[in-house]
1. For the chain, what does the helix formula give at 222 nm: sum of -39500 (n - 2.57) over DSSP H segments with n ≥ 4, over the residue count, nearest 500 deg cm²/dmol?
2. Provide the solvent-accessible area of Asp254, counting protein heavy atoms only and rolling a 1.4 Å probe, rounded to the nearest 10 Å².
3. Please work out the average accessible area per residue across the stretch 1-109, using the 1.4 Å probe convention, and give it in Å².
4. Using alpha carbons only, what's the Rg to Rh ratio of the chain with Rh from Kirkwood?
5. Hey, could you get me the Stokes-Einstein D for the stretch 258-356, Kirkwood radius over alpha-carbon pairs, 4 °C and 1.567 mPa s, rounded to whole µm² s⁻¹?
6. All other residues with a Cβ under 12 Å from the Cβ of Cys106 taken together, and with Lys, Arg as +1 and Asp, Glu as -1, what is their net charge?
7. Counting only protein heavy atoms and a 1.4 Å probe, tell me what percentage of the stretch 292-350's accessible area is made up of carbon and sulfur.
8. Compute log10 of I(q)/I(0) for the stretch 1-80 with the Debye formula, placing one identical point scatterer on every Cα and leaving out solvent, at q = 0.14, 0.19 Å⁻¹, to two decimals.
Amino acid sequence: MSTITILSGIGDKGPAAMRLDTGRHRWLLDCGFGPEANATFDPDWLIGIDAVFVTHDHIDHIGGAAYAVEAGLPIYATRRTAQALPPSAQVIALPEQGETHLDGICLTTGRNGHALGGVWMHFDLGAGLLYSGDWSEESQWFAFDEPPEAATAIIDCSYHLSNVPQSQRLQDLDALIDDLGGQILFPVPPSGRAGELALHLMQRFGPEAVLLDPECCNSLRAALRSGGVAPRAQEIAPLLERGPLDEARFLICDTPNADGGAAWAYVRAWRESGRLGRDAHVIFTGHMTAHARGIEAVEGGYFRRWNVHPPLSDQIAMIRRLGAKRYAPAFCTMPEDYLVEEGFDAQVFLHETVEL
């Protein structure tokens, strides 16, 4: 008998960790930490685990990998995602698009439209299990592959029941930019929305208005070489050959909550010089930790969401395309709201172990 259990990642935007029992093996799907500092990986999740599978390289999916390495467990990940693992990790490479056969089980992976090297995972167990990890079908930067049918699905519902499309998000962001003078910092994950945001800003304001920090440049060069991005992505190539240009209006920098990297360096410098909130501003576009919320609340910061997760209509469409009979709404607060959401036409499961 095969079963799936959500250990963490339901009821909050917390560490992703799902336990898959195949009947012969016990596997951990994702091993996250955070994104809040107090949302730690629990080493007990590794008890009895034979191998770990990682969907992508964002901290809430990969941040606990050091525990798996210390335990001597093999880690299945794409080559790109594996670059974020500890150097001593025992990596078994997964294709970004393709099939991997594991002791009679077919694992199909496809690009998730969310992160460079990121994949969803479909296990040929029972009538099919899809674990989406994080995914997006609205990206103009990352490629997305449609998964096979699956009777059971754990899907990314990070935006809960919000149904605002990316087109409206872009209008809201542009309206804020037009109201702000001076420089604007966008803290981002380099392997996430850095490229897509750069593409949008350079198309609207010209390439001379946009600066990418070295971390983002390195990640985006790899993205353009990878084949995992949309054809339009090549338009940002000129931005990657620039030297320092601190006077650019838009600064796209690591890290996403401005608590490290170049983003934190700019915030600190602007604060010390008195510019922050006067002629230098910060716009957060993704999940905000306590550190980012503090900047937004009192120091010249703003929040405008950039869709990197599916809105409600895409969540529903995914479940219907899969032909899923049951699904778990992962990575959101108040998942119990899905118990009364009628659009899915599938049974909801939350914390219980489900037979496949």
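The values are calculated or read from the model by the stated rules, or taken from the named source; none is laboratory data. Predicted model, so just to flag it, every value in this text is computed and none were measured. Note that we place each Cβ from the backbone using ideal geometry, even for glycine, and neighbour counts take in every protein chain shown. All accessible areas refer to the heavy atoms of the entire protein, side chains included, with ligands and DNA or RNA removed. Shrake-Rupley method; radii C 1.70, N 1.55, O 1.52, S 1.80 Å.
1. Values: 9 runs with 86 residues, N = 356.
Result for the chain, helices only: -7000 deg cm²/dmol.
2. About 30 Å², rounded to the nearest 10.
3. For the stretch 1-109, the solvent-accessible area averages 41 Å² per residue.
4. Dividing the radius of gyration by the Kirkwood radius yields 0.97.
5. Working: Rh = 16.6 Å.
Answer, rounded: 78 µm²/s.
6. -3
7. On the way: 1250 of 2610 Å².
Carbon-and-sulfur percentage of accessible area, whole number: 48.
8. Result of the Debye calculation: -0.40, -0.73.
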